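Engineer: After the structure tokens below, expect a handful of questions from me.
The values are calculated or read from the model by the stated rules, or taken from the named source; none is laboratory data. None of the values given here were measured: they were computed from a predicted structure. Using ideal geometry, Cβ is built from the backbone for each residue, glycine included, and neighbour counts are taken over all protein chains shown. Please note that ligands, DNA and RNA were not included when accessible areas were found on the heavy atoms of the full protein model with its side chains. Shrake-Rupley method; radii C 1.70, N 1.55, O 1.52, S 1.80 Å.
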Amino acid sequence: MERIHATYLIESPFEIEKAAAVLAGEQSSGTFVSVPGETDELKTRFAARVENIELLDQVPEPSMPGEIIENKNYQRAKVKVSWSIENFGYNIPAMISTLQGNLYELRQFTGLKLDDFEVPESFASHFRGPYFGMKGTKQLAGVEAERPMIGTIIKPSVGLTPEYTANLVKSLAEAGIDFVKDDELLGSAANSPFNIRVEKIMKVINEFANKTGKKIMYAFNITGDLETMKANYETVVKAGGTCAMVSINSVGWTGVKQVCDWGELSIHGHRNGWGMLNRHPLLGINFPAYNKIWRLAGVDQMHVNGIKNKFWESDDSVVRSIKSCRTPFLNNESVIPVVSSGQWGGQAFETYRRTQTTDLLYMAGGGIMAHPSGPQGGVKALHQAWKGAVDGMTMEEAAKQYKEFGESVVKFGS
């Protein structure tokens, strides 16, 4: 029978083999004491199995509250556990409950983090994954060349009128932007009702497309309950839009899958709340596992932070996340990594050096909006930076060759 395999990073004062066995038992057929009906046959068929244990380092203090044993070091390890697909079939919420359920409460662990998981090939016949993915999203945005999609976020996050926002989008389109999005804080605000915002912005985008043949992608934040998201989604489709943004942690897997299944827009997955799930090094979930959960739902675009970002996440973690998005999963379709968070053109050089790819959406908020030559100069500066990075220039060489990027270095490079 096919099995699902998951890898965890754990920490425990107990013997790791015994702690791992508790993890496997708690998340399948076991409990803290034998009960009637727990036969050998049942355990053979449904019990989780510890497949592999790789010992890591030891630490003198626990990473989190748990069982405290005096004069005892805390052993860390990487543990692989598997479950029969019979346990939950193709029910993803049930699978998530299995991979991330009560095990976080177990006293045997002073650290536990889901790092990654693998599903059988049969999942490909039940979940089609992204409708657009990396390739389709770039095509929708009119980006055929070997370069990143260049994008920005409307700032300030809330407070701007639909008319002001539409005029800003017009300027950005004329400057060569590929992608613009609502901030995740903006839904349907008192001075920016959703329907009116869509109408004003799409009028500008459609007029620019009719004039130039270039239709930029705007991610409207449709986040809400299912009824609200359905109405908002249909508003975007009717207006000729190509993208909708969903705050995936707020909406949940079932709601996000429903949105993705409608299949007419590229879905921009915003992971706000990510730090709550990942920031502690030994609690929560790492991006490879997190990314696969949302790819099963059908998300096309996934936030990954960025090199030298404004948040806590390390460059190594960001690079791993970008690689995870680009790695084929089930239907061999990659999702587009959304590189953002305190980005400007200066980080393009290190981003390209470490990833060797232009298959990403590179977004700058202040890096575009606060450019000395205005938003148009900010957009040009990002295009110039990425051209320089791909052509093998240093940041200093690109700053000398390109005026707008040079201005960016003066403004943001200190």
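Engineer: Given Lys403, Lys310, which one is basic (Lys, Arg) and either closer than 27 Å to Asn272 by Cβ or touching a Gly at 6+ places or on another chain (Cβ under 6 Å) (or both)?
Structural biologist: Lys310 is the lone residue from the list that is basic (Lys, Arg) and either closer than 27 Å to Asn272 by Cβ or touching a Gly at 6+ places or on another chain (Cβ under 6 Å) (or both).
Engineer: Being among the basic types (Lys, Arg), modelled with pLDDT of 95 or more, within 23 Å of Asn331 (Cβ to Cβ) and within 20 Å of the chain's Cα centre (by Cα) is the requirement here; does Lys113 meet it?
Structural biologist: No: the conditions fail for Lys113.
Engineer: Quickly run through segment 54-92 and pick out the residues that are open to solvent by less than 30 Å² (accessible area, probe 1.4 Å) and at positive phi.
Structural biologist: Residue satisfying the conditions is Gly89 alone.
Engineer: If you check every pair at least six apart or on different chains, which have Cβ atoms under 8 Å apart with a residue in segment 133-157 that is assigned to a helix (DSSP H, G or I) first and a residue that is open to solvent by 70 Å² or more (accessible area, probe 1.4 Å) and acidic (Asp, Glu) second?
Structural biologist: Pairs found: Lys138/Glu144.
Engineer: Let me ask another. With the requirement that a residue be farther than 24 Å from Ser63 by Cβ and open to solvent by 10 Å² or more (accessible area, probe 1.4 Å), what does segment 269-292 give you?
Structural biologist: Listed by number, the residues that qualify are His270, Asn272, Lys292.
Engineer: Among the residues of segment 247-268, what is the count of those that are outside any helix (DSSP H, G or I), in contact (Cβ under 8 Å) with a residue 40 or more places away in the chain, buried (at least 23 other Cβ atoms within 10 Å of the Cβ) and not hydroxyl-bearing (Ser, Thr, Tyr)?
Structural biologist: Looking only at that region, the number is 2.
Engineer: Now for a different question. Under 7 Å between Cβ atoms, at least 6 apart or on separate chains: pull out the pairs that start in segment 335-363 with a residue that is open to solvent by 10 Å² or more (accessible area, probe 1.4 Å) and end on any residue that is acidic (Asp, Glu).
Structural biologist: Close Cβ pairs satisfying both conditions: Thr358/Glu146.
Engineer: Within segment 210-220, is there a residue that is assigned to a helix (DSSP H, G or I), at pLDDT 95 or above and buried (at least 21 other Cβ atoms within 10 Å of the Cβ)?
Structural biologist: Taking every residue of segment 210-220 in turn, none turns out to be assigned to a helix (DSSP H, G or I), at pLDDT 95 or above and buried (at least 21 other Cβ atoms within 10 Å of the Cβ).
Engineer: Filter segment 214-243 for residues that are more than 18 Å from Gly151 (Cα to Cα) and not aliphatic (A, V, I, L, M) and give the result.
Structural biologist: Thr223, Gly224, Asp225, Glu227, Thr228, Lys230, Asn232, Tyr233, Glu234, Thr235, Lys238, Gly240
Engineer: If you take the residues of segment 113-132 that are of a type outside the set (Asp, Glu) and part of a helix (DSSP H, G or I), which of them is most open to solvent (accessible area, probe 1.4 Å)?
Structural biologist: Applying the filter and picking the extreme gives Ser125.
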